1. Select, from Phe69, Phe58, the only residue that is surrounded by fewer than 21 Cβ atoms within 10 Å (Cβ to Cβ) and farther than 23 Å from Val99 by Cα.
2. Across segment 57-86, what is the total count of residues that are farther than 26 Å from Phe164 by Cβ, of a type outside the set (Phe, Trp, Tyr) and touching a residue at least 24 places away in the same chain (Cβ under 8 Å)?
3. Looking at Phe78 and the list (1) within 30 Å of Gly24 (Cβ to Cβ); (2) out of contact with any Asp or Glu (no Cβ under 8 Å at 6 or more places or on another chain), which single condition is not satisfied?
4. Residues in segment 259-303 that are touching a residue at least 60 places away in the same chain (Cβ under 8 Å) and buried (at least 16 other Cβ atoms within 10 Å of the Cβ): how many?
5. I'd like to check which helices (runs of 4 or more DSSP H) are fully inside segment 291-388 and have at least 2 residues that are modelled with pLDDT of 75 or more and under 30 Å from Leu230 (Cβ atoms).
6. Can you tell me which residue within segment 1-14, out of those that are within 19 Å of Gly152 (Cα to Cα) and not aliphatic (A, V, I, L, M), is modelled with the highest pLDDT?
7. Does Thr61 satisfy being of a type outside the set (A, V, I, L, M), modelled with pLDDT of 90 or more and closer than 29 Å to Thr311 by Cα?
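The values are calculated or read from the model by the stated rules, or taken from the named source; none is laboratory data. The structure displayed is predicted, hence computed values, not measured ones. No Cβ is skipped: glycine too gets one built from the backbone with ideal geometry, and neighbour counts run over all protein chains shown.
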Amino acid sequence: MQITASTIYMVFPLFFSSVGLNKGDSGLLISIGTFAGILSSIAAGLLSNRYGRKKILFIGTLLYTAVFFLFIYAGSGFGVLMVLRFIEGLGFYVMPVMVTTMAADIFPPGDRGKAMGLFSSAGGVGALIGPLISPLLITGSDYTVYFLFSGGFVAVSAIAMFLFVKETLPKEKIEAANNIKRVKIDVPGFLRSVRGLGAIVGVFLIAVLVYRTGLTTIDPFLSLFMRDVLHIQLSETSYIFAARALATIIFSPLAGILVDRSGKKIAILIGIILVVVTLIGYTIPGGFLWLVTLNSLYGITWALNMTAMNTFMADLLSPEMRGFGMGLQSSISQQSSTIGSLFSGFLIDAYGYNFVFYLAAVFCLVALALIQFFVPEPHAHRDAKGKT
């Protein structure tokens with residue numbers, strides 16, 4: 001799935017431009033997909049506690065598979081593309097919730113950082129292959145082969161998932177949940193599971209919201225920035241995006257070790273500082289090698305922050321609430337992506353790319369301040385409360 005997902009921010013803005021849409025319209029289409037992710041993230045987490053992780057993951061993958069074929073035959077009007085992006089978001093954003101939840105089910109707290117790092121690294125492999133292949137599948141403004149390849153490739157992953165992935169939620173928990181006559185969002189139960197940390201969890205989730213909003217003001221438009229401002233060809237753009245993925249593959253296992261040994265907070269802070277450096281770096285004129293360097297640095301930040309943030313949240317939640325809790329975190333992340341991409345296209349048209357790079361850096365610095373001053377290591381805070 002990551003082979004196709006890694007090309008969306010690279011290819012879709014170019015695809016939308018090829019059918020005559022401006023940056024504002026492209027931003028709206030990107031945001032509608034992430035908005036759908038808000039709904040499916042929470043629903044997937046909740047339903048997985050009742051019906052099992054594997055079944056929900058498989059259904060989401062099938063939905064994500066189908067939408068690529070619909071892109072070929074459904075037309076290219078704005079309304080049609082909005083519906084397709086919504087369906088795509090519904091299907092895709094089930095995956096990160098279920099995979100991180102299944103990893104948390106399998107691995108004990110002391111090894112979860114390595115597990116989350118392995119997930120990031122596996123995603124990085126897909127993110128390396130996808131950008132390298134996609135230019136070969138696009139001919140001018142014809143994206144048919146790209147959509148056929150993407151749909152077929154995800155279909156293969158769905159088959160492999162059905163055959164080889166095992167359920168991680170114990171059978172007795174599924175049976176107990178199915179004895180309940182109706183699906184119930186146990187919000188009081190979820191709040192009780194995090195109340196021991198008080199406002200810290202809320203501040204952490206706000207920091208995630210601010211951080212992701214900053215990144216997604218610019219991330220969906222990097223391919224357009226490289227084409228329109230730096231005049232870089234799609235083939236070279238693919239190598240730049242692949243450099244990010246390669247850095248993620250290399251550093252995700254290291255990030256997992258850092259998280260388990262040194263703590264989640266230090267990894268997140270280092271990652272955010274590197275993000276700010278990267279964003280400012282984009283405003284400095286440079287050629288192909290400069291962009292490869294910046295995107296490699298961006299990949300390192302992704303490895304650090306995704307591993308640490310997922311592990312942080314998993315440590316807070318009991319097994320029976322883990323699916324819902326990880327879904328909530330993912331939905332907050334997708335909400336920020338919706339906000340960032342919704343307005344950034346209009347901001348770029350009005351003020352230029354550099355303005356948005358600086359704006360994204362400010363958002364990241366606000367998130368860094370919130371985590372630095374208000375969010376301690378979760379185990380340290382629990383230990384402190386236990387002594388009082």
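1. After ruling out the rest, the residue left standing is Phe69.
2. 5
3. Result: Phe78 fails condition (2) only.
4. Number satisfying all stated conditions: 16.
5. 319-351, 353-374
6. Here the residue is Phe12.
7. Answer is yes for this residue.
Conditions (1) surrounded by 17 or more Cβ atoms within 10 Å (Cβ to Cβ); (2) modelled with pLDDT of 80 or more; (3) closer than 30 Å to Lys23 by Cβ, marked per residue:
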residue: Gly196; (1), (2), (3): no, no, no
residue: Val210; (1), (2), (3): yes, yes, yes
residue: Thr237; (1), (2), (3): yes, yes, yes
residue: Ala242; (1), (2), (3): yes, yes, yes
residue: Thr248; (1), (2), (3): yes, yes, yes
residue: Ile257; (1), (2), (3): no, yes, no
